[in-house]
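Just below is one structure, and these are the notes that go with it.
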Amino acid sequence: MNSTKRLLALATMALAFASLVWAADDKDEADINKRIDASANVLNEIMATPDKAIPDGIMSDARCIAVVPSMIKIAIGIGGNHGKGVATCRTANGWSAPAPITITGGSWGLQLGGQAVDLVMVVTNDQGMQHLLSSKFKLGADASAAAGPVGRDATAGTDVKMRAEVLTYSRTRGLFAGIDLSGAVINQDKDSTQLLYGKMVPFETILNGKVAPPNGSDSFLAAVRKYSSQSKDQAANTEQK
């Protein structure tokens, strides 16, 4: 088999695998609860390593936090990614109930392969939050995005924080770093929303804190509360010193 035929064969198999993975959906409430627990685990594991975590200043000021565990990245000349996660936003009464989301996007390039990536997105200001509440927006177009700095004591550059409405991070094979997700589209996962809440609830209603957190969401919200408040306390202590 020559190299061209081998490449075509690999591409066909990769596309078949991608179609199966991307078509997979939550079948019942237990599946979406597993996604919520996985999102909590990702956040806990990332924040457990201070020198490789999201900076305290960013977590303490976060308007919304979204986690996508095991986003699938497939590349066969034309790269693509697809993942499902959950998001929560800060309200006057604390963090909102979790809202299921999907992320899809693509990139061009001579590449071949696939991998699973854990993704964290931190919405830094009210304008970015409004884009998220719209239930569909494109990173880099509707909302400005930038790869976030890493390290609990690190600070985001003034120019980055002033421009970026969303700071994005990825973890793959144990490596945690900022990632450029320009072009990726964030949507409300309506099917999973119906499973989680027993009916269709608008994205804005959930993220504005107008519905109670459903059973099974405690792990994710506890992790968000822990690291956002912990980071706020640590940031305040740093300023006092």
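Bear in mind these aren't lab numbers, they're just calculated from the coordinates by the rules spelled out. All of these numbers come straight from a predicted model, not from anything done at the bench. All Cβ positions, glycine included, derive from the backbone under ideal geometry; neighbour counts span all protein chains shown.
The distance separating the Cα centre of segment 135-151 from that of segment 169-196 comes to 11 Å.
The modelled label-to-label distance between ASP191 and ALA222, using points 7 Å beyond Cα along the C-beta direction, is 3.0 nm.
Past 25 Å, Cα to Cα, is the threshold; run LYS52/LYS226; LYS34/LYS190; LYS84/LYS210; LYS138/LYS226; LYS52/LYS210 against it and keep the listed order. Correct reply: LYS138/LYS226; LYS52/LYS210.
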